[in-house]
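*Asks:* There's a structure below that I have some questions on.
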Amino acid sequence: MPDLALPWPDAALEGRSGGTAISFSSRSPFALSNVGNGPEESPETEGLGQLYLPPEASAENPVPAVVILHGASGVQSVRELTYARQFAARGVAALVIDVFGARRDRATGFVNRLLEITEAMFLADAYAGLEHLAARPEIDAGRIALIGFSYGGMVATYAAYAQVAERYAPEGPRFAAHVAFYAPCIAEFQDSRATGAPLLMLYGGRDAIVDPERCARVAEQLEEGGTPVETIVYPEAVHQWDGRFAGERQIGRNLADCRFVVESDGTVRDRWLWLPMSSVFYRRVILGLCTDEEGYLIGRNDEVRAQANEALGSFLAPILLGGES
């Protein structure tokens, strides 16, 4: 039984698994309410990713897999690609999706990417990646998990709602598990039905971008909808404990005060102004009003990273491997 408690770093294991650039059919809906409404509201897009396959993967020996979603800074070698290599070295295929890379024609700068490339597009690529993996003979379609970091972690949480899965994959496969690394809890769904796949939420006690009370409400809502949720808080950790920067530093704008409601028809509204997040203009206005300029701390913490990797492995092993890690 492969061990999924990932060590960090492990240069020997990293060197054994090389990634292959792949593409797959996806779409670019601006909002959740646009999904399924034809090419004008959900234009076709070529999804991009790096696929890491274990050497033993074959049609005769299909392996489990993970889909990995990056944060607002994009794909990082030290984070998404390293996790992918280590999963592949332990017998689990990994697809790292580059949501920003597939949409460079829409936006290239940091701020414009966050305005033009939305959570709905992240979800489209996640489910398109799931469909691509499920169709490959060397992948076990029933054992594919979704892992997201920060912005991608928010999306990994949204994907656990039945409303989302039904829109993106009405008759398609479902993720077997969801993992959200230090994901802001800024949206609540009116429709609390969940897919039933378990969710692991990991965040730091000093992470200013994560509101523990609201994350607890999201967890409670998902559990009421039928999804088991495990939450682990690392008291001394700030945001991005597995990033490239040693020591703590202040970055960005903090969106912890943003509050959104996802209606049953997929419309996302700002809780205070009740404006719909339906265009770049409204998105700019809403985010401009609810974020602050103080930012938040990020900081690499190898001790926390080791603890989180062990928790990740313990959570996924029974689901992907059928046994304890």
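*Asks:* Dividing the Cα convex hull volume of the range 155-223 by residue count, how many Å³ per residue is that? The partial results should precede the final answer.
*Replies:* Details: hull volume 5.3 nm³, N = 69.
About 77 Å³ per residue, rounded to a whole number.
*Asks:* Next question, about the same structure. Helix-derived [θ] at 222 nm for the chain: sum -39500 (n - 2.57) over DSSP H runs of at least 4, divide by residue count, nearest 500? Don't skip to the answer; put the middle values down first.
*Replies:* Working: 9 runs with 91 residues, N = 325.
Computed ellipticity for the chain at 222 nm equals -8000 deg cm²/dmol.
*Asks:* Moving to a separate point now. Hand me the trypsin sites (Lys or Arg not before Pro) from the range 40-140 located in a DSSP loop with no more than 13 other Cβ atoms within 10 Å, in residue order please.
*Replies:* R104
*Asks:* Also, I was wondering about something else. What is the dipole size for the range 181-295, taken about its Cα centre, with +1 at each Lys and Arg Cβ and -1 at each Asp and Glu Cβ, in debye to the nearest 20?
*Replies:* Working: 12 positive and 19 negative charges, 83 e Å.
Approximately 400 debye in magnitude.
*Asks:* Next up: Given a cut-off of under 8 Å on Cα pairs at least six residues apart, what relative contact order in percent is computed for the chain? Let's see the in-between values first.
*Replies:* Values: 759 pairs, mean separation 60.3, N = 325.
Here the relative contact order equals 19 percent.
*Asks:* At 7 Å along Cα-to-Cβ for each site, give me the label-to-label distance between D292 and A246 in nm.
*Replies:* Modelled inter-label distance: 3.2 nm.
*Asks:* Here is a follow-up. When DSSP assigns beta bridges and you keep just the ones with both residues in the chain, what percent turn out antiparallel, to the nearest 5? Walk me through the numbers before you get to the answer.
*Replies:* Working: 24 of 55 bridges.
Roughly 45 percent of the beta bridges in the chain run antiparallel, per DSSP.
*Asks:* Round to a whole number: what % of the accessible area of the chain belongs to carbon and sulfur, probe 1.4 Å? Could the numbers behind the result be given before it?
*Replies:* Working: 6340 of 12950 Å².
After summing per-atom areas, the C and S share lands at 49 percent.
*Asks:* Are there any GluC sites (Glu not before Pro) in the range 116-205 that are in a DSSP loop and have at most 10 other Cβ atoms within 10 Å? List them by number.
*Replies:* Those satisfying the criteria are E171.
*Asks:* Let me ask something else about it. For the chain, what does the accessible surface come to per residue with a 1.4 Å probe? Please give it in Å².
*Replies:* Working: 12950 Å² over 325 residues.
Heavy-atom accessible area per residue stands at 40 Å².
*Asks:* With Cβ to Cβ distances under 14 Å as the rule, what net charge do the other residues near L222 carry (K, R +1; D, E -1)?
*Replies:* Values: positive: R193, R214, R217; negative: E188, D191, E220, E223, E224, E230.
Local net charge: -3.
*Asks:* Another question, then. Out of the GluC sites (Glu not before Pro) in the range 281-325, which ones are loop residues according to DSSP with at most 14 other C-beta atoms within 10 Å? Each step should come with its number before you reach the end.
*Replies:* Working: sites: E293, E294, E303, E310, E324; in loops: E293, E294, E324.
Passing both the DSSP loop test and the Cβ count: E293, E294, E324.
*Asks:* If you don't mind, another one. Label the range 71-182 by shape, choosing from rounded, prolate and oblate, from the square roots a ≥ b ≥ c of the eigenvalues of the Cα gyration tensor; if a/c is under 1.5 it is rounded, and otherwise prolate applies when a/b is larger than b/c, oblate when it is not. The partial results should precede the final answer.
*Replies:* Values: a/c = 1.74, a/b = 1.23, b/c = 1.42.
Oblate, because a/c is 1.5 or more while a/b does not exceed b/c.
*Asks:* By the gyration tensor of its Cα atoms, with a ≥ b ≥ c the square roots of the eigenvalues, what is the shape of the range 198-325: rounded for a/c under 1.5, prolate for a/b over b/c, or oblate?
*Replies:* On the way: a/c = 2.54, a/b = 1.28, b/c = 1.98.
Judged from the Cα gyration tensor, the range 198-325 comes out oblate (a/c at least 1.5, b/c at or above a/b).
*Asks:* So, with +1 on the Cβ of K and R and -1 on the Cβ of D and E, and no other charges, what is the size of the charge dipole of the chain about its Cα centre, to the nearest 20 debye? Intermediate values should be presented prior to the final figure.
*Replies:* Values: 27 positive and 43 negative charges, 120 e Å.
Roughly 580 debye for the chain.
The values are calculated or read from the model by the stated rules, or taken from the named source; none is laboratory data. In this text, all values refer to a predicted model and were calculated from it rather than measured experimentally. Counting neighbours? That spans all protein chains shown, and the Cβs are built from the backbone with ideal geometry, glycine included. What goes into the accessible areas is simple: the full protein's heavy atoms, side chains included, and nothing from ligands, DNA or RNA. Shrake-Rupley method; radii C 1.70, N 1.55, O 1.52, S 1.80 Å.
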